[in-house]
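Report on the structure given below.
Only the coordinates and a few stated rules stand behind these numbers; no lab work does. Only a predicted model underlies this, so the values are computations on that prediction, with no experimental measurement involved. Quick reminder, even Gly has a Cβ in these numbers, built from the backbone with ideal geometry, and neighbours come from all protein chains shown.
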């Protein structure tokens, strides 16, 4: 198994990206890595690390897609960028998956233009894991499509069904549709129709969900369009940061509070762990020809290490092929 990594993508590239890959190969066996980007920079970082040199190689790419680049223009004009080279290698079967923390818009555009959709897929979707009372829950679409046809909601649920089976061994996870109310008559025309289609899809569909239902764990697959999904994801991430910062301030107000904080420190770490993007990060673009994983832009070495571990599990589960088979059987 070979994981392709865009070494130049992200706020902390290439240093943190490369070091995360080194940590990944030190921690786990069964895969190799190709780092894509400026070979001089990458080799300079690797020389300072101790690892099995046979497991990491470097593919030179002379250009970088930055966060200020316009996605479509960047993909078309920067053909020797680390991201585009990565997609080309993925298409040529030189790797089993591609990981990038780079420009989100460019990555998603490349997923459509360079990788292409699986047969029958109307729109690919971005899947992100969020914490709920029921455990790890998939939010899909988490930001790829601002508006979709009713049929796409059903496909998103099918993508999610295979993803949750692959990562968490959930054979028949509950599926819910984000709406402004639980009643069938609520929501836009598209969401109303999606609700009816999901009832007939042969999935474990539990119906419409309001915002409170999501966090209370009514479903392990939460389906929505990318506009709603991205707002929900960013709100949850921001809420976690807000509460963690507020608690830290409280525990530093007095000696008594500091003592209480030291007693609760481990429990609080476990509580906030499911909200930590460095632990649960890595969102796959589902519904395309190939496995592409988006890591958040501020990824550190620990983030990349954890995302690589997730990527390896998805490759082992042959997630792309299973989604393809599910669509063939469900359409």
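Quick look at the values:
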read-out	value
The chain: translational diffusion in µm²/s, Stokes-Einstein, Kirkwood Rh over Cα pairs, 37 °C, 0.692 mPa s	159
Stretchable slack from residue 188 to residue 122, in nm (0.36 nm times residue separation minus alpha-carbon distance)	21.8 nm
Computed FRET value (nearest 0.05) for residue 199 with residue 73, which takes r as the C-beta separation and R₀ as 51 Å	0.75
Full-stretch length increase - residue 43, residue 227 - with 0.36 nm per residue and alpha-carbon distance subtracted	62.3 nm
MRE, 222 nm, helices only [DSSP H, n ≥ 4, -39500 (n - 2.57), over the chain, to nearest 500]	-14500 deg cm²/dmol
Principal axis dimensions, the stretch 241-307 - Cα atoms, whole angstrom, descending	56, 21, 18
Relative contact order %, the stretch 125-280, counting alpha carbon pairs below 8 Å whose residues are six or more apart	30
Exposure proxy ranking, count of Cβ atoms within 10 Å, fewest first, for 153, 168, 242	242, 168, 153
Relative contact order of the stretch 28-95, defined on C-alpha pairs under 8 angstrom at six or more residues apart (%)	32
Label-point separation in nm, residue 272 to residue 55, each point 7 Å along Cα→Cβ	3.1
Distance from the stretch 224-279 to the stretch 127-161 (C-alpha centre basis), Å	24
Candidates 47, 70, 186: whichever shows maximal mean-square fluctuation once the chain is modelled as a Gaussian network with Cα springs under 10 Å	47
The chain: relative contact order in percent, alpha carbon pairs under 8 Å with at least 6 residues between	23
Nitroxide proxy distance, nm - points 7 Å out along Cα→Cβ at residue 256 and residue 32	6.2
Considering only the chain, percent of DSSP beta bridges that pair antiparallel, nearest 5	30
Which of 164, 89, 1 has the fewest Cβ neighbours within 10 Å, and the rest in rising order	1, 89, 164
Residue order, fewest to most surrounding Cβ atoms within 10 angstrom, among 198, 4, 170	170, 198, 4
Distance between modelled label sites at residue 242 and residue 321, nm, 7 Å Cα→Cβ extension	4.6
Cα extents of the stretch 35-123 along the three principal axes, largest first (Å)	45, 29, 17
